Amino acid sequence: MQMKKLCCFIILAVLFSQNNIFSQNITLNKNNIDEVINAMTLEEKVSMVIGRGMAMGLDAKFPGTAGRSYDIPRLGIPSVYFADGPHRLAMSVRREFDSNFYYTTEFPSGTTVAATFNPSSAYEVGKALGTEVKDYGMDVLLAPGANLMRNVLCGRNHEYYSEDPLITGKIAAGYINGVQSQGIGTSIKHFAANNQETNRYSNDSQMDQRTLREMYLKGFEIAIKESSPWTVMTAYNKINGKHTSENVELTTHILRDEWGFNGLVISDWNAGNDAVASMIAGNDMLQPGQEKQYKDILEAVKNGSLDEAILNRNVKRVLELVVKSNSFNNETYPNKTDLDAHAAVSRKIGTEGIVLLTNNGALPFSEKINQVALYGSTSYDMVPAGMGFGSVGFGRYTVSMVEGLRNASYNVDKNLILQYQRHLAAEERRLFPNGRPPFALAPPPRADEFIPTPEELAEQVKANDVAIFTIGRTSAEPKDREIQEFYFTENESALLKEVSAAYHAAGKKVIVILNICSPVETDSWKSMADAVICAFQPGQEVGHCVTDILTGKVNPSGKLPMTFAVNYGDAASDKNFPFDYEFKMPSFAMGSGTNIVGEDEVEEEKGPERNIDYTIYEEGVYVGYRYFDTFNKEVSFPFGFGLSYTTFDQEIVASSIADDLCKMEVLVTNTGNVSGKEVVQIYVTAPEGGIKKPAKELKAFGKTRELNPGESETITLTWDQMDMSSFNNKTSSWELAKGTYKLHVATSVDDIKSSVEHKINRSKKIKVHDALKPAQSIVTIR
């Protein structure tokens with residue numbers, strides 16, 4: 001009996017010394033994180049580095065949201081709640097046994113925000129989104145997306161900002177600062193080189209170090225250094241053979257050691273293959289959490305293949321996020337938000353992001369315009385933003401062109417409305433004979449067009465003052481767009497041709513509105529229209545946003561954050577991008593191996609397939625305008641382009657390259673008859689010799705306030721000298737060549753207003769980590 005008591009005592013003593021469970025009554029606070037980690041069991045530590053699953057059921061605390069972290073009540077550790085974005089707080093509108101509706105605002109897509117060329121506007125969107133996340137009681141918004149628009153067919157381009165890393169980084173930083181101003185965390189994603197949805201869980205993005213660092217990491221670097229996001233989300237894909245979530249060179253050497261990031265790194269949902277490798281790499285939390293990951297990490301610590309010190313490091317980063325969260329600080333929340341105020345923000349920024357591409361005297365509407373004919377199915381079913389996990393649930397509303405015009409006191413052809421209502425109902429039956437699916441990530445097929453008879457068209461021309469034709473395109477994870485979506489359908493082309501000929505014969509104008517996620521072909525038909533407006537996807541107020549531009553209530557000031565090519569195949573990346581590929585969601589993501597498009601089929605074993613299993617970035621740094629401009633390729637509309645209803649003069653007041661800082665002062669004067677805003681774009685041409693560079697690269701940009709006719713504003717822009725450097729693959733260093741640099745003031749990459757030259761007398765070099773080299777040499781465009 002005495003021996004049994006002694007044994008029990010020894011066992012309790014061991015437990016007591018190892019875990020401190022019985023000796024401490026400790027509760028987490030901001031100053032005792034290490035102490036709390038020491039008080040955790042190994043099992044609790046492992047739980048902290050994986051998620052608790054997605055909150056898809058209506059009985060969850062926040063139904064339809066991305067998930068949460070583990071809670072440990074005995075140590076005062078609550079769950080942190082994650083919500084998807086980036087253009088809407090994604091959560092279910094309804095909750096179990098709750099009669100309330102939990103609506104959120106559909107803000108403009110990332111592309112539309114980028115088209116403002118205004119980080120302050122991105123801040124406004126972020127601030128409003130952060131307010132909604134806070135008002136509904138959550139902690140971290142999984143946004144923004146900062147991947148480069150490498151190809152126009154990427155399925156998630158609507159989430160991303162630009163083909164240019166500077167625009168991407170600056171707009172992302174504005175958005176992050178806006179969200180985090182409300183005490184809500186962000187998660188900049190998908191780190192990195194996540195530029196296609198096809199085979200996204202295992203595609204290998206293969207490129208040299210220069211391409212990776214100058215193009216695909218640079219936007220992240222700018223945003224992280226200028227906004228300090230609470231978290232960074234790694235991507236599904238591999239880079240040069242390694243999953244991003246398992247890549248210590250990416251998540252530690254570059255992100256933390258070089259850039260100074262000190263927040264939490266989380267995986268994309270169900271990303272990667274090796275949980276232990278992710279822990280070692282510094283991917284601190286695996287979402288949404290799998291039982292296998294828990295067991296693998298636990299066993300690895302027990303058998304010594306994972307040092308517990310590494311696990312402790314990652315747990316500490318998780319707890320550093322926890323103590324910043326509203327959930328930890330017991331912040332009360334109203335469980336409702338100011339939807340009307342946020343709708344006003346959405347309308348304002350959505351309108352600012354609209355780009356006027358052509359205008360032959362059609363806009364703004366004259367006083368003679370009263371009766372409007374709306375053509376195109378999208379006019380009656382506008383696209384507010386893209387789809388995917390960031391748009392789970394239903395938005396509050398979407399303003400059609402009919403509503404937008406009527407609210408501005410215009411009459412819309414009622415007979416045409418009735419025709420389209422019948423057409424859309426018939427298309428709904430054709431496309432969805434069994435009804436729309438209750439849940440879908442990929443965008444549903446959109447209604448095709450019908451062609452009015454010659455008699456019907458003649459009556460419409462007679463009854464209306466102007467014709468508006470709206471083209472719609474959308475996109476979504478986990479599917480890239482098809483090549484056909486870059487072009488008009490046969491019916492779309494025929495309808496535009498017929499409408500254009502009929503209205504022009506009567507001396508009336510035709511306006512085309514592009515309600516699109518990514519560029520479409522415009523070169524073959526733009527001359528048929530008297531004005532072309534690229535609205536992108538300006539959010540739930542889309543009909544109001546477009547009408548504000550049509551009427552002149554708002555003078556357009558948006559600029560293209562990407563190039564509009566003449567044809568698909570013109571861009572350097574087009575030959576290394578997948579299409580016509582059927583995507584299958586892995587079983588662990590959806591639970592049943594759901595085939596997103598097409599039918600289930602048995603695949604024969606075969607070797608790695610180019611552009612599916614791996615994609616070679618042969619274009620190197622020549623993405624978008626860097627390619628078209630350098631190699632003198634014709635485009636339909638260049639990067640940075642956008643018209644206004646007024647005119648501006650831009651004059652260089654002063655410029656300098658002194659020490660490490662470059663500076664340009666530009667006087668912008670409104671020389672037209674109406675008020676408006678203008679964007680100043682600074683491009684740099686590097687000296688010849690050394691590392692081959694694009695002909696011009698954007699190095700700074702800024703936007704004026706609203707300038708009245710005759711009014712001026714001086715825009716002062718600065719950038720670091722090393723922002724003009726190139727990465728040398730051989731030496732793993734950033735190198736600034738000596739010589740004469742040309743600084744251009746421009747309104748687009750093709751429209752240089754004035755230039756000035758400055759000489760740098762000494763070259764500079766900054767050595768960095770020799771990281772992320774490809775397994776084999778990649779020959780890029782020279």
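Would you confirm, using the coordinates I've provided, whether Ile682 is surrounded by fewer than 21 Cβ atoms within 10 Å (Cβ to Cβ) and not hydroxyl-bearing (Ser, Thr, Tyr)? Walk me through it before giving the result.
Working: surrounded by fewer than 21 Cβ atoms within 10 Å (Cβ to Cβ): no; not hydroxyl-bearing (Ser, Thr, Tyr): yes.
Taking the combined requirement at face value, the residue does not satisfy it.
Please specify each residue of region 244-294 satisfying the condition of being over 24 Å from the mean Cα position of the chain (by Cα), within 23 Å of Ser205 (Cα to Cα) and of a type in the set (Ser, Thr, Tyr).
Ser278
Which one of the conditions (1) at pLDDT 95 or above; (2) within 24 Å of the chain's Cα centre (by Cα) does Asp480 fail to meet, given that it meets all the rest?
Answer for Asp480: the failing condition is (1).
Among the residues of region 746-758, how many are without any contact (Cβ under 8 Å) to a residue 40 or more places away in the chain and of a type outside the set (S, T, N, Q)?
Selection size over region 746-758: 1.
Consider Thr116 carefully, then state whether it is among the β-branched types (Val, Ile, Thr) and within 30 Å of Ser79 (Cβ to Cβ).
Considered against the rule, which asks whether it is among the β-branched types (Val, Ile, Thr) and within 30 Å of Ser79 (Cβ to Cβ), Thr116 comes out as no.
Only one of these conditions is not met by Asn273: (1) farther than 28 Å from Phe220 by Cα; (2) open to solvent by 30 Å² or more (accessible area, probe 1.4 Å); (3) assigned to a loop (DSSP other than H, G, I, E, B). Which number is it?
(1)
Run down Ser327, Ser305 and say which single residue is more than 30 Å from Tyr160 (Cα to Cα), of a type in the set (Gly, Ala, Ser) and not in a helix (DSSP H, G or I).
Ser305
Return the residues of region 73-98 that are surrounded by fewer than 22 Cβ atoms within 10 Å (Cβ to Cβ) and touching a strand residue (DSSP E or B) at 6+ places or on another chain (Cβ under 7 Å); say none if nothing qualifies.
Ser79
For region 419-431, indicate whether the set of residues that are closer than 28 Å to Ile369 by Cα, outside any helix (DSSP H, G or I), open to solvent by 70 Å² or more (accessible area, probe 1.4 Å) and at pLDDT 90 or above is non-empty.
No, region 419-431 contains no residue that is closer than 28 Å to Ile369 by Cα, outside any helix (DSSP H, G or I), open to solvent by 70 Å² or more (accessible area, probe 1.4 Å) and at pLDDT 90 or above.
Ser205: over 30 Å from Pro334 (Cβ atoms) and part of a strand (DSSP E or B), yes or no?
Taking the combined requirement at face value, the residue satisfies it.
Can you tell which of Thr740, Thr716, Thr747, Thr731 is among the β-branched types (Val, Ile, Thr), out of contact with any Cys (no Cβ under 7 Å at 6 or more places or on another chain), modelled with pLDDT under 95 and open to solvent by less than 80 Å² (accessible area, probe 1.4 Å)?
After ruling out the rest, the residue left standing is Thr731.
Within region 28-45, restricting attention to residues that are within 37 Å of the chain's Cα centre (by Cα) and loosely packed, with under 15 Cβ neighbours inside 10 Å, which residue is nearest to Lys324 (Cα to Cα)?
Lys30
Residues of region 262-284 being farther than 15 Å from Ser69 by Cα and among the acidic types (Asp, Glu), which ones?
Within region 262-284, the first condition is being farther than 15 Å from Ser69 by Cα, and the residues that meet it are 262-263, 271-282.
Selection gives Asp274 alone.
Could you identify the single residue in Leu357, Leu306, Leu321 that is within 30 Å of Cys545 (Cα to Cα), in contact (Cβ under 8 Å) with a residue 12 or more places away in the chain and open to solvent by less than 10 Å² (accessible area, probe 1.4 Å)?
From the options Leu357, Leu306, Leu321, the qualifying one is Leu357.
List every residue pair whose Cβ atoms lie under 6 Å apart, where the two residues are 6 or more positions apart in sequence or sit on different chains, the first residue falls within region 117-135 and is farther than 7 Å from Gln182 by Cβ, and the second residue, located anywhere, is of a type in the set (Lys, Arg).
Phe117/Lys559; Phe117/Lys703; Asn118/Lys703; Pro119/Lys170
Okay, residues lined up against (1) touching a strand residue (DSSP E or B) at 6+ places or on another chain (Cβ under 6 Å); (2) open to solvent by less than 10 Å² (accessible area, probe 1.4 Å); (3) part of a loop (DSSP other than H, G, I, E, B):
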{"position": "His158", "(1), (2), (3)": "no, yes, no"}
{"position": "Lys170", "(1), (2), (3)": "no, no, no"}
{"position": "Ile176", "(1), (2), (3)": "yes, yes, no"}
{"position": "Val179", "(1), (2), (3)": "yes, yes, no"}
{"position": "Ile188", "(1), (2), (3)": "yes, yes, no"}
{"position": "Ala193", "(1), (2), (3)": "yes, yes, yes"}
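For region 575-596, which residues satisfy the criterion of being surrounded by 18 or more Cβ atoms within 10 Å (Cβ to Cβ), outside any loop (DSSP other than H, G, I, E, B) and modelled with pLDDT of 90 or more?
Result: Asn576, single match.
The values are calculated or read from the model by the stated rules, or taken from the named source; none is laboratory data. The structure presented is a predicted model; accordingly, all values stated were derived computationally and were not measured. Virtual Cβ from ideal backbone geometry, glycine too; neighbours counted across all protein chains shown. In case anyone asks, the SASA skips ligands and DNA or RNA and just uses the protein heavy atoms, side chains included. Shrake-Rupley method; radii C 1.70, N 1.55, O 1.52, S 1.80 Å.
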